[in-house]
1. Can you tell me which residue within the stretch 219-245, out of those that are out of contact with any strand residue (DSSP E or B) (no Cβ under 9 Å at 6 or more places or on another chain) and among the small types (Gly, Ala, Ser), is nearest to Leu266 (Cα to Cα)?
2. Looking only at the stretch 1-52, filter to residues that are aromatic (Phe, Trp, Tyr) and in contact (Cβ under 8 Å) with a residue 60 or more places away in the chain; which one of those is surrounded by the fewest Cβ atoms within 10 Å (Cβ to Cβ)?
3. Across the stretch 210-240, what is the number of residues that are assigned to a loop (DSSP other than H, G, I, E, B), on the phi < 0 side of the Ramachandran plot, surrounded by fewer than 21 Cβ atoms within 10 Å (Cβ to Cβ) and not aromatic (Phe, Trp, Tyr)?
4. How many residues are more than 17 Å from the chain's Cα centre (by Cα) and either surrounded by 17 or more Cβ atoms within 10 Å (Cβ to Cβ) or in a strand (DSSP E or B) (or both) when one looks only at the stretch 143-154?
5. Kindly evaluate Glu45 against the criterion of being of a type in the set (Asp, Glu), under 17 Å from Asn279 (Cα atoms) and assigned to a helix (DSSP H, G or I).
6. Being under 18 Å from Leu269 (Cβ atoms) and out of contact with any helix residue (DSSP H, G or I) (no Cβ under 6 Å at 6 or more places or on another chain): is that true of Glu43 here?
7. Which of the residues spanning the stretch 242-270 are exposed (fewer than 15 other Cβ atoms within 10 Å of the Cβ) and among the small types (Gly, Ala, Ser)?
Amino acid sequence: MNQEMLNIIKNNKGFIAALDQSGGSSAKTLALYGIGEDKYSTEEEMFDLIHKMRERVFTSPVFTSEDIIGTILFERTMNSKVNGEYTADYLWNKKKIVSFLKVDKGLKDEENGVKLMKDIPELTNTLGVARERHIFGTKMRSVIYHANPDGIKAIVDQQFEFAKIICENGLVPIIEPEVDINAPDKKECEMLLKEEILKHLNEWNGSHLIMFKFTIPSVPNYYLDLYNYPFVVRLVALSGGYSMDKACELLKLNDRLIASFSRALLEKLRADQTDEEFNNELNTAIEKIYEASI
């Protein structure tokens with residue numbers, strides 16, 4: 001494991017930019033960016049356009065390690081190049097920004113008030129490629145909609161099962177059991193979630209480093225005591241459908257919880273903006289998210 005990368009993720013001020021939109025969310029992301037479905041006819045063309053959008057973000061002079069400590073990549077982004085280097089190499093060599101890889105393959109249908117992750121075939125092979133591409137860690141997401149004890153237990157069990165494999169392959173997993181911000185019993189979901197997580201942490205192999213990505217909790221600092229476990233490297237938060245302003249306002253109430261925003265970061269970026277307009281909007285977003293994270 002790269003100790004310099006670990007030190008940055010563990011100790012530096014800043015946030016993690018989530019630019020890992022995959023097949024399911026790429027069309028929506030492009031539409032918000034101002035590129036409609038009439039602008040491409042194949043999945044390949046769609047992914048090329050989304051890579052160009054990401055490349056524009058990564059190469060922007062305002063996208064720097066002063067505010068951003070890490071970024072989450074989609075597998076195709078990891079295997080694509082930015083200015084002639086593989087994406088993670090470009091981000092590390094030119095910007096000193098650490099890369100994570102989204103490894104989940106999407107969600108199963110809802111059952112017991114949750115959506116578990118689909119199986120992740122070839123996970124070990126993917127992790128091998130990730131190491132070659134100088135990726136530091138991974139991210140995998142499942143979603144909780146209702147305070148169903150069986151469903152939430154299943155989500156946490158599955159997340160830790162995959163986390164163990166990822167740790168054994170030399171990477172640091174970000175465990176992301178998202179609680180839907182519109183869940184009618186969101187607070188109860190979070191109580192059950194934390195209860196299940198603590199059971200696993202009390203039995204966890206202390207040499208395996210892990211991270212968590214949470215929906216911003218209903219009770220500020222609700223997850224803060226997870227830092228009592230020395231192998232918990234960092235706690236990060238998703239924007240979860242909140243607007244940028246709302247997400248930042250809620251995040252500020254939580255100590256040592258940093259942002260890992262996706263939609264909120266890209267909210268005001270458009271394909272037809274000049275470079276100056278694009279960089280100004282991106283800079284405004286970065287500054288707001290950074291302030292909320294520190």
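The values are calculated or read from the model by the stated rules, or taken from the named source; none is laboratory data. Please read all numbers here as calculations on a predicted model, not as lab measurements. Heads up, the Cβs are rebuilt from the backbone with ideal geometry, glycines too, and the neighbour counts pull from every protein chain shown.
1. Ser243
2. Tyr33
3. Qualifying residue count for the region: 4.
4. Qualifying residue count, the stretch 143-154: 8.
5. No.
6. The answer is no for Glu43.
7. Within the stretch 242-270, just Ser243 meets the criteria.
Table: residues versus (1) touching a residue at least 40 places away in the same chain (Cβ under 8 Å); (2) more than 27 Å from Ile166 (Cα to Cα); (3) outside any loop (DSSP other than H, G, I, E, B).
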residue	(1), (2), (3)
Arg54	no, no, yes
Ser65	yes, no, no
Gly70	yes, no, yes
Trp92	yes, no, yes
Ser99	no, no, yes
